[in-house]
1. Of all GluC sites (Glu not before Pro) in segment A:295-361, which ones are in loop regions per DSSP and have a Cβ with at most 13 other Cβ atoms within 10 Å?
2. Give the aspartates and glutamates whose C-alpha is closer than 12 Å to that of B:Lys373, dropping any in the same chain fewer than 8 places away, or say none.
3. Taking chymotrypsin sites (Phe, Trp or Tyr not before Pro) that fall in a DSSP loop and have at most 16 other Cβ atoms within 10 Å as cut points, what is the longest piece of chain A between them?
4. Can you give the angle from 0 to 90° between the axis of helix A:465-481 and the longest principal axis of chain A, with both taken from C-alpha atoms, to the nearest 10?
5. What figure in square angstrom, to the nearest 10, would you give for the accessible area of B:Lys364 with a 1.4 Å probe?
6. Would you mind checking the tilt of helix A:194-206 against the longest principal axis of the Cα atoms of chain A, expressed as 0 to 90 degrees and rounded to 10?
7. Taking a ≥ b ≥ c as the square roots of the Cα gyration tensor eigenvalues, with a/c under 1.5 meaning rounded and otherwise prolate when a/b beats b/c, else oblate, which class fits segment B:164-348?
8. At most 16 other Cβ atoms within 10 Å and a DSSP loop assignment: could you name the trypsin sites (Lys or Arg not before Pro) in segment A:249-281 that fit?
Amino acid sequence: MTKRKLVVVGNGMAGARAVENVLARGGGELFDIVMFGDEPYGNYNRIMLSGILEGSKTLDDILINTPAWYAETGVTLHSGDRVVEIDRAAKAVRSRRGVVENYDVLLIATGSKAFVPPFAGAFTADGALKTGVFAYRTLDDCTGIADYAKGARKAVTIGGGLLGLEAARALGGLGCESHVVHLAGHLLELQLDATGGGMLRRTIEGFGLHVHTGKATTAVLGEDRVAGLAFKDGTTIDCDLVVVAAGVRPNSEIGLRAGLTVERAIVVNDHMQSIDDRSVYAVGECAQHRGKVYGLVAPLWDQAKVFAEHVTGRDAQAAYHGSKLATKLKVMGVELASMGITEPYDEHDEVIQFAEPKRGTYKKLIVRDGRLVGGILMGEISKAAYLMQAFDRDSPLPEERLALLFDLGAPPVAVTLEEMPAEMQVCNCNGVTKGAIGACVAAGNRDLGSVMAATRASMGCGSCKSQVAALTDYFVEQVSEAVPDRAVVAEDASRLDGHVQARILDDGTFSMMPDTEDGHCTPAQLLRIAEVAVKYKVPSVKLMGHDRIDLVGLPKDDLARIWNELYLTAAE
Amino acid sequence: MTLPSPAPAGTPPAASPPPAGLAPVDTHCPYCALQCGMTLVPDAAGLFSVAARDFPTNRGGLCRKGWTAAALLRSPERLTAPLVRDRKGGAFREASWDEALDLVASRLSGARARHGADAVGVFGGGGLTNEKAYLLGKFARVALGTANIDYNGRYCMSSAAAAGGRAYGLDRGLPFPIADIAGAEAVLIAGSNPAETMPPLMQYFDEQRARGGRLIVVDPRRSATARLATQHLQATPGSDGALATGLLHVAIRDRLIDADFIAERTTGFEAVRRIAAQHWPDRVERITGVPERQIVEAAHMLGEAATAMVLTGRGPEQQSQGVDNVSAFINLALALGKAGRPFCGWGTLTGQGNGQGGREHGQKADQLPGYRKIADPAHRAAVAEVWGVDPASLPGPGLSANELLDATAPGGAVKALMILASNVVVSAPAAGRVKANLAGLEFLVVSDIFLSETAALADVVLPTAQWAEEDGTMTNLEGRVIRRRRAVPPPDGVRTDAAVIAALAARLGSASSFAEGAEPGFDELRRASRGGIADYSGISYARIEAEDGVFWPCPAPEHPGTPRLFLDGFATPDGRARFHAVEHRPSGEEPDRDFPYWLTTGRVLAQYQSGTQTRRVPELAAAEPGAYVEMHPQTARGLGLAEGDLARLTTRRGTIAVKARLTPTIRLDTLFVPFHWGDGQSANILTNAALDPTSRMPEFKVCAVRVEREAA
């Protein structure tokens, strides 16, 4: 079978992802693939561009598809070249450098470009940006800004949206006095409500960023290079670097020139096909689906997948139904998550809100029919992972609304051994309860080893061993305390440090454990223990767990003498 | 001198001597893949009790299932005579062995004559000894001539086997002894809960943490294992592969990977790097529900440790993307340089007692003994020679377990089925359909020790000897071949599977003979495995006893066995491990408006697999008497459910009603049901049979469910 030819205009995150998806679906067998990329690189991860600006990342760190990838996968890449014309009648494209490629299927993934409003003095006579004025969109933009910032003192970013704040933060990090001027009344107006925007402003101002809201830029000042900005309210600001992050515009002129329907962007159907031409598809920021143009990565990739399923015939019904918008970002150490709408639509929408301005914490959720339709989290965002999934999946929310905002995990209650109920399971592996350990001790087992052997407690995974030991001691103590009249106190403690310690046994005799310091004693001490045991006719010497020796079956009257003999020896 | 203390652990109280012929016998637990060492000790009445044994796996520990295992030997429910039905739907009656075996042979050969050899299916079990698994595979290929044999191990470890095989060139559950776990500075466990499923294993993790090691556990539930972890990543069901790739993204970004190891000992990294580059933490957080901070911390714990292990369990494996999930975790281990080195590596914590050996020796549809490929002419010739048959007479690859069961549907390719040691009506996904299909077969014969839910559907039930009533070998999760010993003869009327196979083979006019004794069977298996990947030819019963088990491969009597694989090179032709570029994809079924919650399934400590054995042990039945649904109290509150209420769970496959157990340790969007029970309590009535394209593993761990309060 002869292969058909797929030409992809655009080598950015949408275009390259679409080609990867096509290849993953066996598209390499179906198509010869040719790509055009305006930028002279492989495909890089645009969302990591701030790392380039800050200087913490290099191109290698953010490359997704290296030049070698195109060679290995057999994809022809014309990089640093831009398609300038689509001839739909001839089914061919022509590039700026004059490359002509015929296509059977065309994918337009030209993305968008930074929008620089027509401020007076922003451009030079030949249409280039004035020296010191930068857009914030491409890898070259970032390296250009970073270079220029080395000689700059004061930088102003126009635009207080996601990208603008990111750029302003980076400029501060590069040593500039960093200002943000923003047209709207509060920062991040697409992601935050006025309360959130105000809190964010105060927080980042605390970190040294200068914020000017409700300010319309009218002119870029300076002759050869930027010297300041002028605003509609008549004020000015002097500066030597300007970054324009005032939004983007879809690169859809090429579709317009080719006679495709273009509104805000190239209009596509649910298969991501142009509504005018079945052999032309568009994905990403240059595509308009059901009236919407998306600028975030997740929707682009959803579209790329639908395109690949459809164009390879893997799923001729593959359809894109639009995406839910949610985003996370970090501005000067302030973590933010935003999803869906920022204000309730009507009085049926339930709003759950928490604000602690002092700490910069703000949480607001909008719930409709038990589902999350909007949310803002700022400062403390530990619930973001759960909430974003609930938003994405339209999952039913728990009734306890407080639990949506906070982890309500009850603090672990410390239960004393005494408070612990008798039926509480101590050893899960072998199903041994506190009560069973008590019964085992009462039946005559007085140390951990024998309790373990008799009940199997702690004989599985062993993780409960310390608790079983504590309970054993607890019950042994209880048994001793239960017979205070028979407790033994030293009769002659004058030369002893403390009291004679012995335990009463069921048969009325006693047992005594000479202290052997964790199992260590000198041969002389060991001999002494044996001699004392022989001298007092101790009926049994038991070698215990826990490195102890137990002299068992002692009559009460001998206890003090035995104790003295043992410890006098030890003291010598 | 009498000590006033109970006997030390492991020895029963002294008593009068047991009846003649009975003596304490060192063997292993009948249940999971850890195969704890135990001693069966008879008393004066001839009743056995269990004492723990200081074997290198359990080192004296046993869980509740092990301690009570001897109860199986005196269960009043034991089958002691063949059962036959004179007509479909009729009642069972007891029959003589001759009658039953004649009937089975004539019905199987009848089906073969009418529909062809492949119309007779054989379904084995991961609990069978190596010898029996070997004999069953040979029986299917030689005596029945059918391609269609597979086993329930397909439901257990097939995804790990496929991913391990393609990365390392060899599939052994763990490439190191479990004792090595204690020496790893960091361990990540994904989707396994050994604190409940194999408690004695936890002593190695305890030791690991006591030495300052870090433990990371991935699980939608804060399981008993997760509670012990340094960090618990409470991931969304079905998101494991994305999480692993997200960890790799951070490792690459933060320069934690081992570039020298990647260059010298692996191939295929670039394609994996490209995918990892597209899994930045925000994105992975949104897919997995694991907060970004935890993803970053976990990647650093693994990457900064000098030694690290990545262990997967059924969580990531029992999915329609199970193989890719495991590959994603292997990619992580390889990129960090944590493989093929001491105290490092990826492994799988397998489930069934002999899932490992069961697949090595011929129960799997595509494999011959010694892990040989049934489609490979050289492999076929080697095995045919041992069997004394023409290689051309051996059938080719057959249907995998779930496809085999699907083929029992009306109009399907399988008309008669022989099942050994497997309760598929409880353990297979979409169990309602399985039950209907089996009931409608022309002929079903089941061999088991009890009348399981599956045996109850059979035309003939053959009562078989159980674990302590016969000799054999098992291969545990470490690849250690161990000895199971006979402590007591089977009850009157009960025969061993080996005897049944030999008797049926003779009736079917088999061209090759079948060993009835365990050791002769093992010796034949050794010969058949010689030169294969799983080479057992140097292992003997005597060596196993002398050495506390022998690790395969062991190609010669003087070979020491192989406790640690891959230290000098991986088992691929070029000796390098292979990365596999895998990308997360949605599960076969995801929650939606009609079925808004995730359902996942698993095990509890006091029960084992389909419960055929453990539900009949009174202490275990009392501890966990039935299925339940675990859910978050907040989730329950919205549904009007309180602790102990009956909850009706519905998926696209069916409905069950079980008691609600509320705990804040499970995700709000996830429900958990243990799968050990049958009939109206069977979790597998709900599960989805979406299969992994490579391993054919069904998606037990992920589907979408609806919950309602069951009216009282």
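The values are calculated or read from the model by the stated rules, or taken from the named source; none is laboratory data. Every value quoted in this text rests on a predicted model; they were computed, and no experiment measured them. Quick reminder, even Gly has a Cβ in these numbers, built from the backbone with ideal geometry, and neighbours come from all protein chains shown. In case anyone asks, the SASA skips ligands and DNA or RNA and just uses the protein heavy atoms, side chains included. Shrake-Rupley method; radii C 1.70, N 1.55, O 1.52, S 1.80 Å.
1. On the way: sites: A:Glu309, A:Glu335, A:Glu347, A:Glu350; in loops: A:Glu347.
Passing sites in segment A:295-361 are A:Glu347.
2. B:Glu360
3. Longest stretch, sites excluded: A:208-344.
4. Value to nearest ten degrees: 30.
5. 20
6. Approximately 80 degrees, to the nearest ten.
7. Verdict is rounded for segment B:164-348.
8. Within segment A:249-281, the qualifying trypsin sites (Lys or Arg not before Pro) (loop, at most 16 other Cβ atoms within 10 Å) are A:Arg264, A:Arg278.
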